[in-house]
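Values in this text are rule-based calculations from the coordinates and carry no lab data. Here the structure is a predicted model, which is why all the values come from computation and not from measurement. Glycine also receives a Cβ, built like all others from the backbone with ideal geometry; neighbour counts cover every protein chain displayed.
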Amino acid sequence: MSTLPKRRPRRATHPTPEPLYRLATAFWSSGVLFAAHRLAVFEVLHARPRTVAELAGVCGLTPDGAGKLLAACQSLGLVSCDVGGLYRNSPPADVFLVPGKPTYQGHLLAYLADLWTRFGELEYLLQTGEIGPRETAFTLARPDAERQTAERNWVLAMHEIALGGQAEALCQAVDLSGYTRLLDVSGGSGAYAIRFAEQYPQLTAEVLDLPEVVAIADGLIQQSGVGDRVRVLAGDFVNADYGVGYDVVLLSGVLHGLGERYILRVLKKAYAALNSGGCVIVQEMTPDAPSPAAVQFAALFSLNMMSGGTYSAEQIALWLNQSGFLRIVVTPLKQAWWFDHVVVGRKP
Ligand SMILES: C[S@@+](CC[C@H](N)C(=O)[O-])C[C@H]1O[C@@H](n2cnc3c(N)ncnc32)[C@H](O)[C@@H]1O
């Protein structure tokens, strides 16, 4: 008589709390990164590797504080330590966190650190739709000098996003051959207008943004090799007359700051400014992003917006169509880390 193998009792699979712990403590990692950056740790270690005691002396930390900070940075892959106790930057920290390097992403870090308070008061924002009582980023409650620094960081942060691969991704996604005039509406630092002008020698570009922003953009444009073909225009994109005769209107990262009414208004102004055969280019982060990480990014990013939010590429295409644009092409940007879709519409 054969005996059947005994069936193992089925174990109920309980979820573990680990993912929750990771989420709940994620702010520790951001806090370490922001503090080390503000304390110039990466700049100091770029000059030469240091011991804990040396770093404490140069950065003005207690020896205990320096030891804990460096150990935390090491655990996050930001620095490494050799057997002699000398700390040095990891390759990503050395490439992206040392001021003065063309690859520097430190203004973006400073801007993200500025959003810390908003996320600490998220319930207030969600309950009222208003910024929280303690949130100061960009608000008039902040002393002038502080606010100006925060605003400058923001503009330079946008520049760093563009230089970090976004401008290249956009440039690869669209073909502006044969076009000669581009208007970059709310163009921020002018990074995309500069990149397009570099790519297309026949192209001239205008960067429209608020006066304090175009003052910064103008400096960056003058430092570029295309300062003779890119210029700035100070104005309010909701009310300004965009003029006429453009081949391309670029709206990069603009729609997510607006609600539907203003989006349609801006798109109609873009349409009126374009020549027949010209195109509007919208670059955005979207909830229908091409990777799970980008979908998550768009969902979290949306919480930064007081008005507006992130919209699907399909919704953006619909708005373009409602504004008169035809032959709409939606392109996912798989290699970009900030904006994940480009939507292009043609004026018939
Ligand atoms: C998210 S940023 C995008 C900037 C740039 N297009 C980019 O992709 O890097 C939004 C831009 O809108 C500009 N902006 C906000 N309100 C504006 C207004 N009323 N008129 C013109 N520009 C405005 C901001 O100064 C900022 O440069």
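Its Cα centre serving as origin, the stretch 28-96 has a Cβ charge dipole (Lys and Arg +1, Asp and Glu -1) of approximately 40 debye.
Across the chain, C-alpha contacts under 8 Å between residues 6 or more apart give a mean separation that, scaled by the residue count, equals a relative contact order of 11 percent.
For F27, F325, F297, F34, the sequence from fewest to most other C-beta atoms within 10 Å is F27, F34, F297, F325. Taking other C-beta atoms within 10 Å as the exposure proxy, H159, H37 rank H37, H159 from fewest upward. As I understand it, the dipole of the stretch 58-157 uses +1 on the Cβ of Lys and Arg and -1 on the Cβ of Asp and Glu, about the Cα centre. Which of P63, A110, G129 lies farthest toward its positive end? So the residue we want is P63. Using the Cβ-Cβ distance between V329 and D236 with R0 = 25 Å, the FRET efficiency computed as 1/(1 + (r/R0)^6) comes to roughly 0.25.
Does a label point 7 Å from the Cα of S75, set along Cα-to-beta-carbon, have any residues of the stretch 81-120 with amide nitrogen under 17 Å, and which are they? Inside the label zone: 81. Rounded to the nearest 20, the size of the Cβ-charge dipole of the chain about its Cα centre is 1360 debye, with Lys and Arg at +1 and Asp and Glu at -1.
Decide, for the stretch 160-263, between rounded, prolate and oblate: order the square roots of the alpha carbon gyration tensor eigenvalues as a ≥ b ≥ c, take rounded if a/c falls under 1.5, and otherwise choose prolate if a/b is larger than b/c, else oblate. Note, shape of the stretch 160-263 comes out rounded. Histogrammed with a bin width of 10 Å, the alpha carbon distances of the chain distribute as 5, 21, 29, 22, 13, 6, 3, 1, 0, 0 percent, first bin at zero. Of the residues W28, W116, the one with the fewest other Cβ atoms within 10 Å heads the list, and the complete ranking is W28, W116. The gain in end-to-end length when the A293 to T25 segment is fully stretched comes to 94.6 nm, 0.36 nm per residue minus the alpha carbon separation. By the helix-only formula, in which each DSSP H run with n ≥ 4 contributes -39500 (n - 2.57) and the sum is divided by residues, the chain has a 222 nm mean residue ellipticity of -13000 deg cm²/dmol. Determine which aspartates and glutamates satisfy two conditions relative to K347: a Cα distance under 13 Å, and not lying fewer than 8 residues away in the same chain. Qualifying aspartates and glutamates at Cα under 13 Å: D247.
Using 0.36 nm per residue and subtracting the Cα-Cα separation, the extra length available between D144 and V83 on full extension is 17.2 nm. Can you check what the net charge comes to around L210, using other residues whose Cβ is under 14 Å from the Cβ of L210 (Lys, Arg +1; Asp, Glu -1)? Spelling it out: positives minus negatives among the neighbours equals -4. For V248, the shell of other residues with beta-carbons less than 10 Å away shows a net charge of -1, using +1 for Lys and Arg and -1 for Asp and Glu. Which shape class, rounded, prolate or oblate, goes with the stretch 28-96 when its Cα gyration tensor gives a ≥ b ≥ c as root eigenvalues, a/c under 1.5 marks rounded, and past that a/b bigger than b/c marks prolate? Note, shape of the stretch 28-96 comes out rounded.
The relative contact order of the stretch 176-346, computed from alpha carbon pairs under 8 Å that lie at least 6 residues apart in sequence, is 19 percent. Only beta bridges with both residues in the stretch 176-346 are counted; by DSSP, about 35 percent of them are antiparallel. Counting Lys and Arg as +1 and Asp and Glu as -1 over every other residue whose Cβ lies under 14 Å from the Cβ of P292, the net charge comes to -1.
Name the GluC sites (Glu not before Pro) in the stretch 74-136 that are in a loop by DSSP and that have at most 13 other C-beta atoms within 10 Å, would you? Passing sites in the stretch 74-136 are E130.
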